[in-house]
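Colleague: The structure's right below; bear with me while I get my questions together.
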Amino acid sequence: MGVQAVILVGGQGTRLRPLTETRPKPMMPLFDRPMVAHQLDHLARYGVTEVVFSCGYRPDALEAYFGDGAGFAIRVRYVTDPIPLGTAGAVANAVPAFAHPGDVLVLNGDILTDLDLGALMAAHRVSGAAATVALTPVQDPSAYGLVRLRDDRAVREFVEKPSPGELIPGEPYLINAGTYLLSREVIESIPAGVACSIEREVFPRVAAGGGLYGYPSDCYWRDIGTPQSYLEAHRDMLNGAVPTAGVAGEVYIGPGAVVEEGARIADRSCIGAGSAVAAGASVIGTVLGARTRVGPNAYIEGCVVGEGVEVGAGARLVGLVVIGDRARVVPDLHIVGPTIIDVGEIRTAAGDGNAKGH
């Protein structure tokens, strides 16, 4: 029996709107593939043979792309929760789709990592844990849940969004990295058909019984849940911070994209498939989605641009301007972010010149 995994892809990706108005968050493109396709590649490298996508928002987009998983050397199935079931409830609802479920890897669908899954699984077996949670170090845990371990790596306590007074000088600030290995015993303890959280309900209970262990790792890790983090993930991959991703370099130019002579593409920019950047235009530290057109002498810096967007000649977009699919930016419009241009929206110089966000 091969290794099995559940990928939690049920969220609506509200922090990434308007980019997620037209696709579920796991289908956000990272270079040549959706974000979650990088996860499937990562799982396959460690012998995972079966994956269940636990779906909620727009599951059709995942199924249309991945099908039965034959193209990824992984058997793929889809389970859609009838109501929001939380992270644990979603796992309990997904596991019956496996032919012979044993221990199950669980991954959040918005995490980019090169975590050594083989080492995590080995540590799980050696410790005899009922559940193992991957942990990543951060400099400031105040926005997360701090996880404290005993000397044997058993979880001692959770401290949710700790204040400075709750921190211990010199302690490692370890947080939940969104990858777990759950035994069949733990999975069967999750109530069926009701909302239940792994982080707030299951893990504290298993920890209280001494069965929850942590697996600290200083691997690459990023939660791609905001436009800024999405932008930085592209930069990280081009910088070689994710060696398993297979992309690196100063910039990425997708298949069929055209960059005219005299255009400037720089600072870890990504130009999506079939896009066009006209002469005199500059794209700096920016992600352009597929089939987007940038007019002559336009200047785009530090932005995230969706698919099928038209950026007019001489337009100037600077500072995390996030543009939804099929939007149109008229010629000579200047926008300083952070700001959002919604899906299909037309920005006019009369209404929005020199806009500074909303």
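Colleague: Skipping prolines and chain starts, which residues have an amide H placed within reach, meaning under 5 Å, of the one on E301, given they are 5 or more residues away or on another chain?
Modeller: Residues meeting the criterion, in which the H sits 1.01 Å from N, are I284, L317, V318, G319.
Colleague: Only helical DSSP H runs with n ≥ 4 go in: add -39500 (n - 2.57) per run for the chain, normalise by residue count and round the 222 nm mean residue ellipticity to 500 deg cm²/dmol.
Modeller: -5000 deg cm²/dmol
Colleague: Continuing with the same structure: Find the relative contact order for region 96-228 and round it to a whole percent, using C-alpha pairs within less than 8 Å whose residues are 6+ positions apart.
Modeller: It comes to 42 percent, rounded to a whole number.
Colleague: Moving on to the next point. Give me V259, V206, V311, V321 sorted ascending by neighbouring Cβ count inside 10 Å, so fewest comes first.
Modeller: V259, V206, V321, V311
Colleague: What is the Cα centroid distance between region 267-287 and region 66-95, reported in whole angstrom?
Modeller: Going from one Cα centre to the other spans 35 Å.
Colleague: By how many degrees, between 0 and 90 and to the nearest 10, does the Cα long axis of helix 227-238 differ from the longest principal axis of the chain?
Modeller: Approximately 90 degrees, to the nearest 10.
Colleague: Please check the chain for the longest run free of trypsin sites (Lys or Arg not before Pro) that are loop-located per DSSP (anything but H, G, I, E, B) and have at most 12 other Cβ atoms within 10 Å.
Modeller: With trypsin sites (Lys or Arg not before Pro) excluded where exposed in loops, the chain gives 151-355 as its longest stretch.
Colleague: Say the dipole of the chain comes from +1 at the beta carbon of Lys and Arg and -1 at that of Asp and Glu; which of G86, H38, Y215 then lies farthest toward its positive end?
Modeller: Of the options given, the answer is G86.
Colleague: Averaging sequence separations of C-alpha pairs under 8 Å and six or more residues apart, then dividing by the length of the chain, give the relative contact order as a whole percent.
Modeller: Relative contact order comes out at 13 percent.
Colleague: Arrange D110, D267 by Cβ neighbour counts within 10 Å, fewest through most, would you?
Modeller: Lowest to highest Cβ neighbour count: D267, D110.
Colleague: If Lys and Arg each add +1 and Asp and Glu each add -1, what is the summed charge of the other residues whose beta carbon sits under 10 Å from the beta carbon of E50?
Modeller: Residues near E50 contribute +2 overall.
Colleague: Taking the Cα centre of region 250-352 as origin, work out the dipole magnitude from +1 charges on Lys and Arg Cβ and -1 charges on Asp and Glu Cβ, in debye rounded to 20.
Modeller: 40
Colleague: Given +1 on the Cβ of Lys and Arg, -1 on the Cβ of Asp and Glu, and no further charges, what dipole in debye does the chain carry about its Cα centre, rounded to the nearest 20?
Modeller: 240
Colleague: For the chain, with a Gaussian network of springs between Cα atoms less than 10 Å apart, report the residue from S54, S142, S163 with the top mean-square fluctuation.
Modeller: Highest fluctuation among the options: S163.
Colleague: Kindly write out, for region 192-205 in residue order, the coupling ³J(HN,Hα) from the Karplus curve 6.51 cos²θ - 1.76 cosθ + 1.60 (θ = phi - 60°), rounded to whole Hz, with x marking Gly and Pro.
Modeller: Going residue by residue, I get 7, x, 10, 5, 7, 9, 4, 5, 9, 10, 6, 4, x, 5 Hz, with x marking Gly and Pro.
Colleague: Viscosity 1.002 mPa s, temperature 20 °C: Stokes-Einstein D of region 1-141 from its Kirkwood Cα radius, in µm² per second?
Modeller: 136
Colleague: While we're here: Please compute the length gained on full extension between E188 and T49, using 0.36 nm multiplied by the number of residues separating them and subtracting their Cα-Cα distance.
Modeller: Roughly 47.9 nm would be gained on extension.
Colleague: Okay, moving on. If the elastic network links every pair of Cα atoms under 10 Å, which of E63, E201, E166 fluctuates the most in the Gaussian network model of the chain?
Modeller: Largest GNM mean-square fluctuation: E166.
Colleague: So if the hydrodynamic radius of the chain is defined as the Kirkwood radius over C-alpha pairs, what does Stokes-Einstein give as its diffusion coefficient at 10 °C and 1.306 mPa s, in µm² per second?
Modeller: My calculation gives 74 µm²/s for D.
Colleague: Please rank S189, S217, fewest neighbouring Cβ atoms within 10 Å first, as an exposure proxy.
Modeller: Lowest count first: S189, S217.
Colleague: For region 136-165 and region 184-224, what is the separation of their Cα centres, given in Å?
Modeller: 15
Colleague: To the nearest whole percent, what portion of all C-alpha pairs in region 250-352 is separated by more than 15 angstrom?
Modeller: 54
The numbers here are math on the coordinates, done by the rules we state, and not lab data. Keep in mind it's a predicted model, so treat the numbers as computed, not measured. Neighbour counts run over all protein chains shown; Cβ positions are idealised from the backbone, glycine included.
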